[in-house]
Amino acid sequence: MKVINKGKYKLLTFCSYFFISAAKPDRGSRLTIPAPEILVMESLAVASGNFTVEFFKKLNQSSQGKNIFFSPSSMSFALAMVYLGARKNTATQIAEVLHFHSIKETENSSQELDLSKDELVHVAFQQLISEINQPRATYLLKTANRLYGEKTFKFITEYLQLAKKYYHAEPQSVDFLRAAEQARNQINSWVERQTDNRIQNLLPKGAIDSQTVLVLVNAIYFKGQWEKKFQKENTIEKSFRLSKIQTKPVQMMFLRDTFPAFYVETLRVYILELPYVSNDLSLLILLPEDITDESTGLEVVKPFFIPFQGTVRLDRHIWKKN
């Protein structure tokens, strides 16, 4: 949740998420995207990777010894909608945090698509949303955005139109001023519907009040089946390493099979790919060879991906969360 104070009023962006994994090309129903727009989407992936690593570092500083689960894409969608209406210093700061400069630097794409550099950012998100929401037969993956605005405030029509155009964000008028609790329940109900009731009570009591003027919400939902399934009867209790010296007994799934893998030589980390049915999507897991110090190493992961030739035998236990 992000809270922005503007005078006596509040703007809130809520990012809800269930689970989303790394995507691979969909050979059956993939959109046909012109070459310039492919470059724009690739630059969005670079920006997202930079933001993810930097935000993880911040979370890790305040969550030492704790599990961390967050959705960078949800946060990016919500903050990009804020960026759409931001100007001057506010817009500059959001762009810096989300690394939008890498998108704006695709000069050829900007000229070929006849768009300003700022418009390139929103076109990239527009293409990503369209790609995510394409119907598939082997899994369910969708994302949705919505704007909830205080009904006594008149929002700029152009902003609402662009939010709907680029982010498919339908504006909804609510009474934050006199019925904040009712508005909170309305938002929570929408999130529950978008995530098949997996995410409930996203906004706890007190999250919004009479000073709230706008809430931007993103929800992402994914449901798929493993290509090679973990058998329930193979789940056993094993030690899970929390740090170099700490362990904790947890329930772990077990599977022995052959999977694709990469190796990050600088970090001595294997990146293991667990595909879902039809190999359209995969879950990527980082497996350190060993824990040698207190650092996570994620801040240097992205520049040092080195392909690992062949495959590896997976003979590891995977923690199964209750």
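The values are calculated or read from the model by the stated rules, or taken from the named source; none is laboratory data. Treat the numbers as computed from the prediction; the structure is a model and nothing was measured. No Cβ is skipped: glycine too gets one built from the backbone with ideal geometry, and neighbour counts run over all protein chains shown.
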Check your understanding: In the range 65-77, which residues are under 17 Å from I129 (Cα atoms) and either of a type in the set (F, W, Y) or over 10 Å from the mean Cα position of the chain (by Cα) (or both)?
Key -> F77
Point to revise | Residue that is modelled with the highest pLDDT, among those in the range 230-253 that are more than 28 Å from S63 (Cα to Cα) and either part of a strand (DSSP E or B) or out of contact with any Phe, Trp or Tyr (no Cβ under 9 Å at 6 or more places or on another chain) (or both) | key: E233
Exercise for review: Collect the residues in the range 47-74 that are within 28 Å of V123 (Cα to Cα), among the small types (G, A, S) and assigned to a helix (DSSP H, G or I), keeping them in residue-number order.
Suggested key: A47, S48, G49, S73, S74
Review point. Given the conditions (1) at pLDDT 95 or above; (2) of a type in the set (S, T, N, Q); (3) within 20 Å of the chain's Cα centre (by Cα), which single one is not true for N201?
Key: (1)
Exercise for review: Search the range 120-135 for residues that are closer than 10 Å to Y167 by Cβ and pair each with any residue that is loosely packed, with under 15 Cβ neighbours inside 10 Å when their beta-carbon atoms are under 8 Å apart and the residues are at least 6 apart or on different chains.
Suggested key: Q126/K165
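Rundown of residues vs (1) of a type in the set (D, E, K, R); (2) touching a strand residue (DSSP E or B) at 6+ places or on another chain (Cβ under 7 Å); (3) in a helix (DSSP H, G or I); (4) at pLDDT 90 or above, yes/no style:
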| residue | (1), (2), (3), (4) |
| --- | --- |
| S76 | no, no, yes, yes |
| A80 | no, no, yes, yes |
| L84 | no, no, yes, yes |
| A91 | no, no, yes, yes |
| E96 | yes, no, yes, yes |
| Q111 | no, no, yes, no |
| L115 | no, no, no, no |
| H122 | no, no, yes, yes |
Revision key, fill the gap. Residue count, the range 206-236, condition under 30 Å from Y139 (Cα atoms) and more than 22 Å from the chain's Cα centre (by Cα), comes to 10
Practice item. Determine whether the range 145-160 contains at least one residue that is under 30 Å from Y276 (Cβ atoms), among the polar types (S, T, N, Q) and either modelled with pLDDT of 90 or more or touching a Phe, Trp or Tyr at 6+ places or on another chain (Cβ under 7 Å) (or both). Key: yes
Review point. Assuming L177 fulfils every condition listed in (1) without any contact (Cβ under 8 Å) to a residue 40 or more places away in the chain; (2) not in a loop (DSSP other than H, G, I, E, B) apart from one, which condition is it?
Key: (2)
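Step by step: first the residues of the range 55-83, then only those that are touching a residue at least 60 places away in the same chain (Cβ under 8 Å) and exposed (fewer than 15 other Cβ atoms within 10 Å of the Cβ), then the one that is farthest from Q161 (Cα to Cα). Which residue is that? Before the answer, list the steps.
From the range 55-83, those touching a residue at least 60 places away in the same chain (Cβ under 8 Å) are 56-57, 60, 65, 71, 73-75, 77-82; that's our starting set.
From the residues that got through so far, the ones that are exposed (fewer than 15 other Cβ atoms within 10 Å of the Cβ) too are 57, 65.
Working: K57: 35, G65: 44 Å.
So, considering only residues that are touching a residue at least 60 places away in the same chain (Cβ under 8 Å) and exposed (fewer than 15 other Cβ atoms within 10 Å of the Cβ), the one farthest from Q161 (Cα to Cα) is G65.
Which residues, taken from the range 216-263, are under 24 Å from E131 (Cβ atoms) and of a type outside the set (F, W, Y)?
Passing the criteria: L216, V217, N218, A219, I220, K223, G224, Q225, E227, P260.
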